[in-house]
Amino acid sequence: MSTVANHASARAARAAETRIASYLLTEYLERLGVDVIFGLCGHTIIAFLDALAKSRIRFVSTRHEQIAAHAADGYARASGKTGVLLTHLGPGLINAATGVANAALDSIPMVVIAGDVPSHYYGRHPHQEVNLHQDADQFQIFRPFCKRVYRVDRVEDLPRIVERAFHLARAGRPGPVLVDVPMDIFSADLAIDAFQQQPATMARPTVDGATVARIVEALASAERPVLYAGGGVLSSRATSELAALAEALEVPVAHTLMGKGCLRDDHPLLLGQTGFWGTPISNDRCRTADLIVAVGTRLAEANSSSWDPRFTFSIPPTRLIHIDADEAEIGRNYPTDLGVVADAKLALGALSAAARGRSHRDRGHLRDEIARGRKAFASNWDHQWSSDQYPMRPERILAELRSTVPEDGFIVTDVGWNKNGVGQQFPITVPGTFITPSGLATMGFGPAAVLGVKVAHPDRAAVSLIGDGGFSANPSVIATAMEADLPVVWLVMDNVGFGTIAGLETMHYGSSFGCMFERCGKPYAVDYAAMARSFGARGVTIESAGDLGPALREALASNLPTVIQAPMENAPTPTPGHWNINDIFRKGE
Ligand SMILES: Cc1ncc(C[n+]2csc(CCOP(=O)(O)OP(=O)(O)O)c2C)c(N)n1
């Protein structure tokens, strides 16, 4: 036989050779560098689970799909990789929706693989399908918050769709992509070489030389410029470029909640967070700036004091230059002098290189003003760092956390005093160590996301700082931490209620109806520490303020997941900015 004929027959033999799609899929995921998948089983995905069991990929099984989604989200934030989530259809998919939407609104790359009803039951409304008014359409539930929702109708499409999903999750502005797989497709035969194409290596968009020169000139000649950093600065790992630019032109840096950690907390040019839960010096400097260069931010409501020009940003007359990966964000809330679609790291790198050694306008006593402004605000609460009060002051809880968790340890918050207080008052010195839900602000994020953070960095401390409301929303995180052997710490700030909302209701209506935990008219306290012990984990109840430091040290040194329950006064976080909801509430008879 000729060589040509030999090759042709070998090709034909290969084409005829098939394997079950699930096995080819897990091998492809391995080649993409996926090392962990978070999820929860169901009959639609056990064929894939069988393949997963035979692969090198770790599977972290949770007791609720929202937990799996937040854990995949936390893993993506801490590792810089794409988080992967596996869910069953119907109830599983819907349970996951909150977690996936949370990741979407914080621009976290994620691929969701969901099982679906068998493709041959199209239109017959089989078991657990969400149908009634549409046929075979349940994957559309994810449409408003996913970059793409794919349903795989033929097994031959699976390789191309999975490749597209991993490409799109990271390209441009990152976010989740859904791959919905009818369960028969997982078990169908597919040519062994079907999974060929890898997602393209992407060069990220940068800024052209003329625009770089224009921005640097604008910053250097402005009288009161501010650099405003959002989460995009951290996710693109651009913090050293930001510091270099700020230092070269002596420009102060303000940041969003997601941007916290963009400069070391003790950096003399750091103003702090803006907005409702921001700091006065940051709000004042932004409001009175003649130029703001905003990078990797949506200029979202909470950090912009509901866009009310009296509090955080007054644009115009302030001129705004906005650099973002997503062109849709530019000009959304403020008239913008110059919009630049670029990767934050490349943009800040180019700007800092052009700014190096360049002269700039005299900044007067800028550093002294910042130091004075920060100190004056801190004097409202820094005396509470050593408060012996019990139930504890929240500030004392932060102080104990800072003195026990290593600088490179992760602080993962939820919503409530924990998020607002840490964003405003907690010193972060290592970029990326503060992880928080910002856009959707989902209660229940913190206790679950910390699991993914620990999977990404098993050798670093990971503490979830949460309220008792957020923690009790889904305490089965303890079971997952035990099963997956993830020695994380949950520090529960226990004020026996949904404290932040109770405070808001009390302020406007003089009552906290529906916000506190009560039984027969009395506070209903739950022993979360005992609950943790019932899972086989460690559980510690703090009985005096002085107990917390040692308890944290022991928890971090132990190799077991630990719940620390710290009874806490429901004291509000200071709100130097504004939130328009406070103008909306009206009290009737
Ligand atoms: C899923 C979800 N439901 C409701 C809310 C509204 N919400 C914001 S803060 C909060 C209270 C959180 O209570 P807790 O976890 O105890 O923290 P605390 O406010 O007491 O510090 C609630 C219910 C939310 N953000 N997410």
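Listed here are the pairs Lys81/Lys260; Lys260/Lys522; Lys419/Lys454; Lys54/Lys419; which of them are more than 30 Å apart at the Cα? Beyond 30 Å: Lys260/Lys522; Lys54/Lys419.
Apply the a/c threshold of 1.5 to the C-alpha gyration tensor of segment 312-357 and tell me whether it is rounded, prolate or oblate. Oblate shape, in that a/c is at least 1.5 and b/c is the bigger or equal ratio. Label positions at Ile584 and Asp326, each projected 7 Å from the Cα along the C-beta direction, are separated by 2.1 nm. With the cut-off at 17 Å, report for segment 251-356 the share of all Cα pairs above it, as a whole percent. So the portion of pairs separated by more than 17 Å is 52 percent.
With all protein chains in place and a 1.4 Å probe, the accessible surface of the chain carries 53 percent carbon and sulfur. Spin-label pair Gln389-Ser79: with each label point 7 Å from Cα along the Cα-Cβ axis, the two points sit 4.2 nm from one another. Entry note, the chain: the mean residue ellipticity at 222 nm calculated from DSSP H runs of n ≥ 4, each adding -39500 (n - 2.57), is -11000 deg cm²/dmol after division by the residues and rounding to the nearest 500. For segment 367-449, the solvent-accessible area with a 1.4 angstrom probe is 35 square angstrom per residue. Subtracting the Cα-Cα distance of Arg154 and Thr575 from 0.36 nm times their residue separation leaves 146.1 nm of extension gain. Note on Lys345: aspartates and glutamates with a C-alpha under 17 Å away, same-chain residues under 8 apart excluded, are Asp208, Glu241, Glu247, Asp324, Asp326, Glu327. Going by the alpha-carbon gyration tensor, a ≥ b ≥ c the square roots of its eigenvalues, is segment 94-163 rounded (a/c under 1.5) or, if a/c is not under 1.5, prolate (a/b greater than b/c) versus oblate? Oblate, since a/c reaches 1.5 and b/c is not below a/b.
Each principal axis of the Cα cloud of segment 90-207 was taken in turn, and the coordinate range along them, longest first, works out to 53, 36, 18 Å. Highest mean packing first, where packing is the average number of other Cβ atoms within 10 Å per residue, the peptides 407-416, 558-567, 485-494 line up as 485-494, 407-416, 558-567.
For the chain, the Kirkwood estimate of the hydrodynamic radius, built from every pair of different alpha carbons, is 25.5 Å. Pairs of Cα atoms in segment 490-589 fall into 5 Å distance bins, from 0 up to the last occupied one, in shares of 2, 11, 17, 17, 15, 13, 10, 8, 5, 2, 0, 0 percent. Extending 7 Å from Cα along the Cβ direction at Asp135 and again at Ser544 yields two label points whose distance is 7.2 nm.
When the P(r) of segment 157-313 is calculated, the portion above 22 Å amounts to 54% of the C-alpha pairs. The magnitude of the dipole of segment 396-457, with charges of +1 and -1 set on the Cβ of Lys/Arg and Asp/Glu and taken from the Cα centre, is near 100 debye.
Charged neighbours of Thr506, selected by a Cβ distance under 15 Å, balance to -2 (K, R count +1; D, E count -1). Once R0 is set to 51 Å, what does the formula 1/(1 + (r/R0)^6) return for the Cβ-Cβ distance between Arg372 and Thr201, expressed as a FRET efficiency to the nearest 0.05? Efficiency, rounded to the nearest 0.05: 0.60.
Highest mean first, the peptides 244-254, 61-71 sorted by other C-beta atoms within 10 Å per residue fall in the order 61-71, 244-254. Computed 3J(HN,Hα) for segment 336-347, one whole-Hz value per residue from the Karplus formula 6.51 cos²θ - 1.76 cosθ + 1.60 where θ = phi - 60°, is 10, 5, 8, x, 10, 8, 7, 6, 4, 5, 5, 5, glycine and proline marked x.
Full extension of the chain between Arg264 and Glu301 yields a length gain of 10.8 nm, computed as 0.36 nm times the residue separation minus the alpha carbon distance. Name the residue from Pro174, Leu158, Ser221 whose Cα lies farthest towards the positive end of the charge dipole of segment 152-230, charges +1 on Cβ of Lys and Arg and -1 on Cβ of Asp and Glu. Toward the positive end, the furthest listed residue is Ser221. In the chain, a dipole from Cβ-located charges (positive for Lys and Arg, negative for Asp and Glu) runs towards its positive end, and of Thr44, Phe445, Ala238 it is Ala238 whose Cα lies farthest in that direction. Packing, taken as the mean count of other beta carbons within 10 Å per residue, orders the peptides 302-310, 95-103, 193-201 from highest to lowest as 95-103, 302-310, 193-201. In this Cβ point-charge picture (+1 for Lys and Arg, -1 for Asp and Glu), the chain has a dipole of about 740 debye about its Cα centre.
Which values of log₁₀ I(q)/I(0), to two decimal places, follow from the Debye formula for segment 366-512 at q = 0.17 Å⁻¹ with a uniform point scatterer at every Cα? For segment 366-512, the Cα-only Debye profile gives -1.02.
The values are calculated or read from the model by the stated rules, or taken from the named source; none is laboratory data. Keep in mind it's a predicted model, so treat the numbers as computed, not measured. Heads up, the Cβs are rebuilt from the backbone with ideal geometry, glycines too, and the neighbour counts pull from every protein chain shown. When the accessible area is computed, the model is the full protein with side chains, heavy atoms only, and any ligands, DNA or RNA have been set aside. Shrake-Rupley method; radii C 1.70, N 1.55, O 1.52, S 1.80 Å.
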